[in-house]
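The values are calculated or read from the model by the stated rules, or taken from the named source; none is laboratory data. All of these numbers come straight from a predicted model, not from anything done at the bench. Please note: Cβ atoms are built from the backbone with ideal geometry, for glycine as well, and neighbour counts cover all protein chains shown. These accessible areas exclude ligands, DNA and RNA; they are computed on the full protein's heavy atoms, side chains included. Shrake-Rupley method; radii C 1.70, N 1.55, O 1.52, S 1.80 Å.
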Amino acid sequence: MDYLSITGPSRLGGEITISGAKNAALPLMAATLLCDSPVVIDNIPDVADIRTLLKLFAKLGSRFTFEDHTLTIDNEEITNTTATYDIVKTMRASILVLGPLLARFGRCEVSLPGGCAIGQRPIDLHLKALEQMGAIIEIKNGYVVATAPEGLRGTRIIFDKITVTGSENIIMAAALAKGKTELINVAKEPEVVQLCEVLNAAGVRIEGIGGDELIIHGTDREPVCFDEFSIIPDRIEAGTYLCAAAITYSTVTLNGVRPDHLDAVTAKLHEAGCRVEEDGESMTIYPAARLKAFEVSTTEYPGFPTDMQAQFMALATQAEGVSIIEERLFENRFMHVSELQRLGASIHLKGHTATLNGPIQLLGADVMATDLRASSALVLGGLAASGVTNVHRIYHLDRGYEGLHEKLQRLGAKIERLKE
């Protein structure tokens, strides 16, 4: 098993290019199941979650090549509509095949999902919506068994709460449904927006893209046909490197980004005293004279993203004053707190709120990653700490960050990937 060894404190400098967003790539890969001809997708990040979904596609009978961040996939001859436990347990996003498989083939079996241990993320909203569209849903032996032999039908669906994967699953299901589907309280994340834009370009007429209400005109099980398209930049990866620059008081330029997707993150960096300048598809962060305390409350897009909460907690350890971080979306997403405390962080937890006193001189130590974004927070802590920090269980990092240690090396960090 690999681990990262970081010698700090670091000063960074230079520029790097941000990868494609795996949270956009995964639903768009699933959307290719709606198509019976080859699809070409560019700018796909080479991370573990992408490879996991490709293993699932192979089991379904897809034919594909994945080279140099370009995926060419052909789902014409799918022979299997079962997403098995051995794959789905490792990545919750595998549930995204449920909607398109059911819509196209009228039957599928998908294992109940696993993924990061950051709290309960039930799929009841997915299943309730599919039942409203005429599907028969049963849970048997740990699998969702879904049937709709006559196809799905359009209807009006109101999501009880905002759900990103639920929105994506039902958008894909509605693409091949009969008639018009109205979706109310839809997630507005950029990844959801790109899914709608690509489907719209493929011939599925979608009204209201970018808003919280969509009208989807289904094709009545006629497969869609995609043009070649490219995955949007990863806003969470970009935000992580902005925090890496901020916590090390460094100037760093990010290329290949969408600054408009990062407004909530850059607003908090400005609050902390940093300056972020945008130039087309590039962003440059200039360090604060002294980092200032800030308050963060996670919420759905366009609010502050839960996937940046851990990184800002690491940043808060170096900010002068009392910072308050409230996690409103997931009940178990503070598992990185105890590991940051091993580095010396002063953090008080009460319910869903963390209070941090800073700045604190962090000292290197052995720490253990517990989920994907917690891993990056520990790397940030290691960059700011004096001495050697070893981050273990970095297979979590590999799920969502492509070449993180190599990019940090290019910026001047003393970081190595080593074998246990």
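Scan segment 204-220 for residues that are of a type in the set (D, E), assigned to a loop (DSSP other than H, G, I, E, B) and free of Cβ contacts under 8 Å to residues at least 24 places away in the same chain and jot them down. Result: no residue meets the conditions. Each residue in segment 306-327 was checked for being of a type outside the set (A, V, I, L, M, F, W, C), crowded, with 24+ Cβ neighbours inside 10 Å and in contact with a Pro (Cβ under 9 Å, 6 or more places away or on another chain), and 2 of them qualify. Answer yes if at least one residue in segment 345-363 is open to solvent by 40 Å² or more (accessible area, probe 1.4 Å), assigned to a strand (DSSP E or B) and under 19 Å from R290 (Cβ atoms), and no otherwise. So far as segment 345-363 goes, yes, one or more of its residues are open to solvent by 40 Å² or more (accessible area, probe 1.4 Å), assigned to a strand (DSSP E or B) and under 19 Å from R290 (Cβ atoms).
The C-beta contact set for segment 135-149 (first residue in contact (Cβ under 8 Å) with a residue 12 or more places away in the chain and surrounded by fewer than 18 Cβ atoms within 10 Å (Cβ to Cβ), second residue in a strand (DSSP E or B) and of a type in the set (S, T, Y), distance under 8 angstrom, 6+ apart or interchain) comprises I136/T147; G142/S111. Filtered by the rule that a residue be open to solvent by less than 30 Å² (accessible area, probe 1.4 Å), touching a helix residue (DSSP H, G or I) at 6+ places or on another chain (Cβ under 7 Å) and assigned to a helix (DSSP H, G or I), segment 28-60 gives L28, M29, A30, A31, L33, L34, D49, I50, T52, L53, L56.
Quick one: how many residues across segment 61-104 are part of a helix (DSSP H, G or I) and open to solvent by less than 70 Å² (accessible area, probe 1.4 Å)?
Initial filter on segment 61-104 (part of a helix (DSSP H, G or I)): 85-88, 92-104.
From what is left, the residues that are open to solvent by less than 70 Å² (accessible area, probe 1.4 Å) are 87-88, 92-104.
Qualifying residue count for the region: 15.
Quick grid of which residues meet (1) in contact with a Phe, Trp or Tyr (Cβ under 8 Å, 6 or more places away or on another chain); (2) under 8 Å from L4 (Cβ atoms); (3) crowded, with 22+ Cβ neighbours inside 10 Å; (4) among the β-branched types (V, I, T):
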| site | (1), (2), (3), (4) |
| --- | --- |
| V388 | no, no, no, yes |
| V391 | yes, yes, yes, yes |
| Y395 | no, no, no, no |
| G403 | no, no, no, no |
| Q409 | no, no, no, no |
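Scan segment 14-27 and tell me whether some residue there is polar (S, T, N, Q) and surrounded by fewer than 22 Cβ atoms within 10 Å (Cβ to Cβ). Scanning segment 14-27 turns up at least one residue that is polar (S, T, N, Q) and surrounded by fewer than 22 Cβ atoms within 10 Å (Cβ to Cβ).
Against the list (1) touching a strand residue (DSSP E or B) at 6+ places or on another chain (Cβ under 9 Å); (2) part of a loop (DSSP other than H, G, I, E, B), the condition A289 fails is (1). Of the strands (runs of 3 or more DSSP E) lying entirely inside segment 125-199, those carrying at least 2 residues that are closer than 20 Å to E300 by Cβ and modelled with pLDDT of 95 or more are 156-158, 180-184.
Going by the conditions given, is M29 at pLDDT below 95, in contact with a Phe, Trp or Tyr (Cβ under 8 Å, 6 or more places away or on another chain) and of a type in the set (A, V, I, L, M)? Break it down into steps so the answer makes sense when it comes.
Working: at pLDDT below 95: no; in contact with a Phe, Trp or Tyr (Cβ under 8 Å, 6 or more places away or on another chain): yes; of a type in the set (A, V, I, L, M): yes.
Judged against the criteria, M29 is not a match.
Applying the condition of being crowded, with 23+ Cβ neighbours inside 10 Å and of a type in the set (D, E, K, R) to segment 212-263 and asking which residue is nearest to P45 (Cα to Cα) yields D234.
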